[in-house]
1. Please count how many residues of region 47-65 are farther than 27 Å from residue 325 by Cβ and out of contact with any Asp or Glu (no Cβ under 7 Å at 6 or more places or on another chain).
2. Go through (1) outside the structural domain of residue 113 (by TED's automatic domain parsing); (2) under 30 Å from residue 98 (Cα atoms); (3) of a type in the set (Gly, Ala, Ser) and name the single condition residue 316 misses.
3. Please identify the pairs in which a residue from region 11-34 that is in the same structural domain as residue 80 (by TED's automatic domain parsing) and closer than 11 Å to residue 67 by Cβ has its Cβ atom under 8 Å from the Cβ atom of a residue that is assigned to a strand (DSSP E or B) and basic (Lys, Arg), counting only partners at least 6 apart or on another chain.
4. Out of all the residues in region 5-20, is one or more at pLDDT 90 or above and more than 28 Å from residue 153 (Cβ to Cβ)?
5. For the list (1) over 21 Å from residue 94 (Cα atoms); (2) modelled with pLDDT under 95; (3) not assigned by TED's automatic domain parsing to the domain that holds residue 185, I need the number of the one condition that residue 339 fails.
6. Taking only region 8-28 into account, find how many residues are part of a strand (DSSP E or B) and either among the hydroxyl-bearing types (Ser, Thr, Tyr) or surrounded by fewer than 21 Cβ atoms within 10 Å (Cβ to Cβ) (or both).
7. In this structure, is residue 276 under 30 Å from residue 12 (Cβ atoms), of a type in the set (Val, Ile, Thr) and modelled with pLDDT of 95 or more?
8. Residues of region 122-169 being β-branched (Val, Ile, Thr), in a helix (DSSP H, G or I) and at pLDDT below 95, which ones?
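The values are calculated or read from the model by the stated rules, or taken from the named source; none is laboratory data. Just so you know, these numbers come straight off a predicted model, no measurement behind them. A quick note on method: Cβ atoms are made from the backbone with ideal geometry, for glycine too, and the neighbour counts reach across all protein chains shown.
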Amino acid sequence: MSEKEVLILGIETSCDETAASVVKNGRTILSNVISSQIDIHTLYGGVVPEIASRKHIERINYVIQEALDQAKVSLGEIDAIGVTYGPGLVGALLVGVAEAKSIAYAAKKPLVGVHHIEGHISANYIEHSDLKPPFLCLVISGGHTHLVIVKDYGNYEVIGRTRDDAVGEAFDKVARAIGLGYPGGPKVDKLAKEGREDAIDFPRASVEGAPFDFSFSGLKSAVLNYLNMAQMKGEEVNKADIAASFQKCVVDSLVSRAMMACKEYHMDKFAIAGGVASNSAIRSAFEQECSKRKIQFYHPSPIFCTDNAAMIGVAAYYEFMAGTRHGWDLNAIPNLKLGER
């Protein structure tokens, strides 16, 4: 190994993926191992926190060893351990944090705690070597809907967030209501391709006095009301039309605020991140709108949109290079806000 190479072991256990990765110099992924629990949680229609925590405990040592083996590096060659410490499910986070602290202590390596949303934003650095701050990023996932100005590596300003449901949460609830099951996002995306997006006029909410904030609760309720009315009248519904019309409302809400923010803050680079960023309709809409406005559009490959440790390793690299170090008192913080330490 060259002296200039910095190797980070990234660990991610914030929800239901047990993941580990080895990242070189913040941009090169030497390994990215993900053990998903999706099959287990599908049985329950969503993530069960207690089960998620137990599965992390069972799998984490094997996943970390596999990441080191695939990267062909030993623990001794690792320069620092990066781990998600919030936000997320507290029990799940605790498994990763305890593991990272144990490894860092035993191997005498620096410990770097990483904010989960910072990880999602950093996923864009993996495949886009030209992307550097400042830029605007929309983080859309099962638990988060954030519009963030990335001022510099590790320096963020949240200018918009959801007031109620996260966008991925809305997808899951609507999918469940129309009988698609869990996980909802990919299933709604697929079914929407068979429907008409102008078939049903669902509402598009705005938040008074907060032009960049989002609200999806009213839209979700409108879909449920539409289904209930149809059931009471004994009418059949077209599920594909419901999926397409619902998704169009979500797309319009996300695109309008993001493009307005790009104009307001004079941003010519825009990125999306998080699990919902792999939605084909959302990607397509942003590609079109960014192209019209001559804004460079960035998005990670689907494998780096869902929870993974490569993005945590990338974020940890930039934090490590900036001098961030955490002590043995590092704890899981389930409601950690972006920008907090």
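1. Residues flagged as farther than 27 Å from residue 325 by Cβ and out of contact with any Asp or Glu (no Cβ under 7 Å at 6 or more places or on another chain) within region 47-65 amount to 9.
2. Unmet for residue 316, out of (1) outside the structural domain of residue 113 (by TED's automatic domain parsing); (2) under 30 Å from residue 98 (Cα atoms); (3) of a type in the set (Gly, Ala, Ser): (1).
3. Close Cβ pairs (under 8 Å, with a partner that is assigned to a strand (DSSP E or B) and basic (Lys, Arg)) amount to 30/24.
4. Checked against the condition, which is being at pLDDT 90 or above and more than 28 Å from residue 153 (Cβ to Cβ), region 5-20 yields no hits at all.
5. Failing condition for residue 339: (1).
6. 4
7. no
8. 167
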